[in-house]
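Participant: Before I ask anything, here is the structure I am working with.
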Amino acid sequence: MSLAVDDEREALLDLVREDPDLAPQEKETTLRFTKDEDAVRIYTEEAGIGRRLLAHPSATVGGVTVLDGGVRPPADIDEVDGRDIVAVRARVPVGAVKILLNTRESTQHAEVVSERVLYPTEEGDRE
């Protein structure tokens, strides 16, 4: 069954940007979980992954980091107020993460999260 992402999160996708003050080697994405947890904690400063996490129907967004006059304060997703989002913190079920035996054709980091979360299915939901 597909789950729809609410309109509020959908509107945030266009606000996700890379932090212009960080060099590529400073833009991190981390996945963390412990043996007793059923969710993976993800933090990313990469725009492509951030957009896909916001669009992921199983992701619980814990907060974002926004650009605000040179300062980068953390914010809840309902406090973004049109500011650029430069980092996303979210949790996804452990079952949504899989390390493949064979490598993907693409080495783009955003491909770690399925591109399909960005596009509605015929029913209007995301897969």
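Every read-out reported here was derived from the displayed coordinates using simple, explicitly stated rules and does not represent laboratory data. As the structure is a prediction and not an experimental result, all values here were calculated from the model. Positions of Cβ are backbone-derived with ideal geometry, glycine not excepted, and every protein chain shown enters the neighbour counts.
Participant: Quote the FRET efficiency, to the nearest 0.05, computed for Glu105 versus Leu13 with a Förster distance R0 of 35 Å and r equal to the Cβ-Cβ distance.
Facilitator: With a Förster radius of 35 Å, E is 0.90.
Participant: Work out the charge dipole of the chain with +1 on the Cβ of Lys and Arg and -1 on the Cβ of Asp and Glu about the Cα centre, then indicate which of His109, Pro20, Ala87 is farthest towards its positive end.
Facilitator: Going by the charge dipole, the pick is His109.
Participant: Treating the beta-carbon of each Lys and Arg as +1 and of each Asp and Glu as -1, no other charges, what is the dipole magnitude of the chain about its Cα centre, to the nearest 20 debye? Intermediate values should be presented prior to the final figure.
Facilitator: Working: 16 positive and 28 negative charges, 122 e Å.
Taking the Cα centre of the chain as origin, the dipole is about 580 debye.
Participant: Around Ala75, under 13 Å between beta carbons, what's the net of Lys plus Arg minus Asp minus Glu among the other residues?
Facilitator: That sum, taken over residues with Cβ under 13 Å, equals -3.
Participant: Note down the relative contact order for the chain as a percent, whole number, built from C-alpha pairs under 8 angstrom at least six residues apart. Mind showing how you got there, number by number?
Facilitator: Values: 212 pairs, mean separation 39.5, N = 127.
With pairs under 8 Å counted, the relative contact order is 31 percent.
Participant: Next question, about the same structure. Hey, fewest Cβ within 10 Å first, where do Glu10, Glu26 land in order?
Facilitator: Glu26, Glu10
Participant: Only bridges whose two residues both fall in region 7-96 count here: according to DSSP, what percent of them are antiparallel, nearest 5? Don't skip to the end; give the middle numbers.
Facilitator: On the way: 19 of 20 bridges.
Counting only bridges with both partners in region 7-96, antiparallel ones make up about 95 percent.
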